[in-house]
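The values are calculated or read from the model by the stated rules, or taken from the named source; none is laboratory data. For clarity, every value in this text was computed on a predicted model and none was experimentally measured. Reconstructed Cβ throughout: ideal geometry from the backbone, glycine too, with neighbour counts over all protein chains shown. Note: areas computed on protein heavy atoms with side chains; ligands, DNA, RNA excluded. Shrake-Rupley method; radii C 1.70, N 1.55, O 1.52, S 1.80 Å.
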Amino acid sequence: MYPTVLTQLARANPFSAPLFSLQKVEEPQQNLHGQRTRTLAAAATSEESCEFGSNKYYALCGFGGILSCGLTHTAVVPLDLVKCRLQVNPDKYKSIGNGFSVTVREDGVRGLAKGWAPTFIGYSMQGLCKFGFYEVFKIVYSDMLGEENTYLWRTSLYLAASASAEFFADIALAPMEAVKVRIQTQPGYANTLRQAVPKMYGEEGIWAFYKGVVPLWMRQIPYTMMKFACFERTVELLYKYAVPKPRSECSKAEQLVVTFVAGYIAGVFCAIVSHPADSVVSVLNKESGSTAFQVLKRLGPKGVWKGLIARIIMIGTLTALQWFIYDSVKVYFRLPRPPPPEMPESLKKKLGLTE
């Protein structure tokens with residue numbers, strides 16, 4: 001009776017699907033206070049270049065984040081520019097196509113690249129913190145939960161780790177995001193990063209660069225939580241139902257294709273979840289003296305969804321490419337990549353799954 005009830009509860013738990021597994025790599029040791037400690041790491045192989053959870057591992061994950069976020073966000077600057085203008089001036093920019101045509105007519109083709117420098121710098125810093133801290137918090141929270149709870153509450157762990165990482169990532173992003181939006185949405189204000197930064201500082205002081213950080217948290221934290229949790233679950237489902245062979249039998253190229261597909265699916269959900277806050281950020285950084293609540297009230301329930309289609313296209317592509325680049329960096333540098341999930345033996349015994 002007892003194992004049966006536990007089994008039913010485990011299967012009914014919406015967060016029970018594991019997405020990576022950790023195992024002990026050495027016996028528990030005692031710290032300076034006499035307490036037992038536990039060291040966890042991904043299963044290691046002789047082909048890996050560093051230990052899971054080492055400083056080198058975190059550094060290379062952060063480098064992967066710089067490439068994945070910095071390059072991809074810079075590549076879609078034209079679409080991002082049109083999306084921002086749709087949000088802040090819907091009377092002038094009627095649609096995506098109209099936004100492109102009006103921009104090219106007024107500023108030329110080069111006008112579509114406005115804001116590329118703050119975009120590259122800002123999102124590179126965000127990527128460093130987002131992916132680097134995510135790996136850190138994932139291990140820290142796993143150690144706090146313990147091996148069995150890490151397995152049963154895997155999705156909760158991913159949600160908590162990604163939210164924690166994004167909190168710091170947005171602080172790194174906020175200054176350049178403010179500069180980018182000001183350049184893109186205020187024609188004639190400034191055309192380059194070097195022009196915009198001193199002008200903004202002279203007008204509003206340091207607050208000009210951080211007044212959008214709270215709306216950024218509102219936009220980016222739900223976005224990142226969806227990005228990581230949805231991606232991991234989608235990967236699991238693809239290998240379970242769509243890929244005809246186990247991941248261990250797939251080539252690196254085949255695994256990266258799965259990564260790209262899962263990333264795009266996750267990106268669609270990310271765009272929908274975070275779009276209202278994205279609209280507020282765009283308008284807030286365009287105007288001086290407004291608050292997030294005032295902007296939200298003025299836009300109304302309908303106005304916050306302006307530019308959603310453009311954002312879905314942009315974020316879907318971005319998220320897919322980001323995961324592809326990030327996973328490619330791990331493959332190239334031979335970083336530990338967690339194996340398929342496996343229930344701990346101790347939990348199998350509790351659930352009555354072993355004889």
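Filtering the stretch 195-211 to residues that are charged (D, E, K, R) and either without any contact (Cβ under 8 Å) to a residue 24 or more places away in the chain or open to solvent by 40 Å² or more (accessible area, probe 1.4 Å) (or both) leaves 199, 203, 204. Taking the stated definitions as given, is residue 97 open to solvent by less than 30 Å² (accessible area, probe 1.4 Å), over 16 Å from residue 181 (Cα atoms) and either out of contact with any Gly (no Cβ under 6 Å at 6 or more places or on another chain) or among the acidic types (Asp, Glu) (or both)? For residue 97, the condition - open to solvent by less than 30 Å² (accessible area, probe 1.4 Å), over 16 Å from residue 181 (Cα atoms) and either out of contact with any Gly (no Cβ under 6 Å at 6 or more places or on another chain) or among the acidic types (Asp, Glu) (or both) - is not met. From the list 151, 141, the one residue that fits, being open to solvent by 20 Å² or more (accessible area, probe 1.4 Å), at pLDDT below 90 and under 23 Å from residue 337 (Cβ atoms), is 151. How many residues are open to solvent by less than 50 Å² (accessible area, probe 1.4 Å) and either among the aliphatic types (A, V, I, L, M) or under 20 Å from residue 170 (Cα atoms) (or both) when one looks only at the stretch 222-245? Going through the stretch 222-245 one residue at a time, the tally reaches 9. Would you call residue 97 among the small types (Gly, Ala, Ser) and in contact (Cβ under 8 Å) with a residue 40 or more places away in the chain? Criteria not met by residue 97.
Let's see how each residue does on (1) open to solvent by 50 Å² or more (accessible area, probe 1.4 Å); (2) at negative phi; (3) at pLDDT below 90:
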site	(1), (2), (3)
162	no, yes, no
169	no, yes, no
178	no, yes, no
189	no, yes, yes
193	no, yes, no
213	no, yes, no
217	yes, yes, no
220	no, yes, yes
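With respect to the conditions (1) under 18 Å from residue 52 (Cα atoms); (2) outside any helix (DSSP H, G or I), residue 136 lacks only one, and its number is (2).
Could you grab me the full set of residues in the stretch 247-264 that are open to solvent by 70 Å² or more (accessible area, probe 1.4 Å) and either in contact (Cβ under 8 Å) with a residue 24 or more places away in the chain or touching a His at 6+ places or on another chain (Cβ under 7 Å) (or both)? Listed by number, the residues that qualify are 248, 252, 260, 264. Filter the stretch 100-129 for residues that are β-branched (Val, Ile, Thr) and under 17 Å from residue 318 (Cα atoms); which is surrounded by the most Cβ atoms within 10 Å (Cβ to Cβ)? Filtering first and then ranking leaves 119.
Taking the stretch 155-251 and the helices (runs of 4 or more DSSP H) fully enclosed by it, the elements with 2 or more residues that are more than 18 Å from residue 77 (Cβ to Cβ) and within 23 Å of the chain's Cα centre (by Cα) are at 207-210, 213-237.
Inside the stretch 93-108, residues that are small (Gly, Ala, Ser), part of a helix (DSSP H, G or I) and under 16 Å from residue 184 (Cβ atoms) make up a count of 1.
Whenever a residue of the stretch 141-155 is on the phi > 0 side of the Ramachandran plot, its partners that are surrounded by fewer than 17 Cβ atoms within 10 Å (Cβ to Cβ) and assigned to a loop (DSSP other than H, G, I, E, B), lying with C-beta atoms within less than 8 angstrom and at least six residues away or across chains, give the pairs 146/38. Restricting the search to helices (runs of 4 or more DSSP H) fully inside the stretch 264-355 and requiring at least 3 residues that are small (Gly, Ala, Ser) and modelled with pLDDT of 80 or more gives 308-332.
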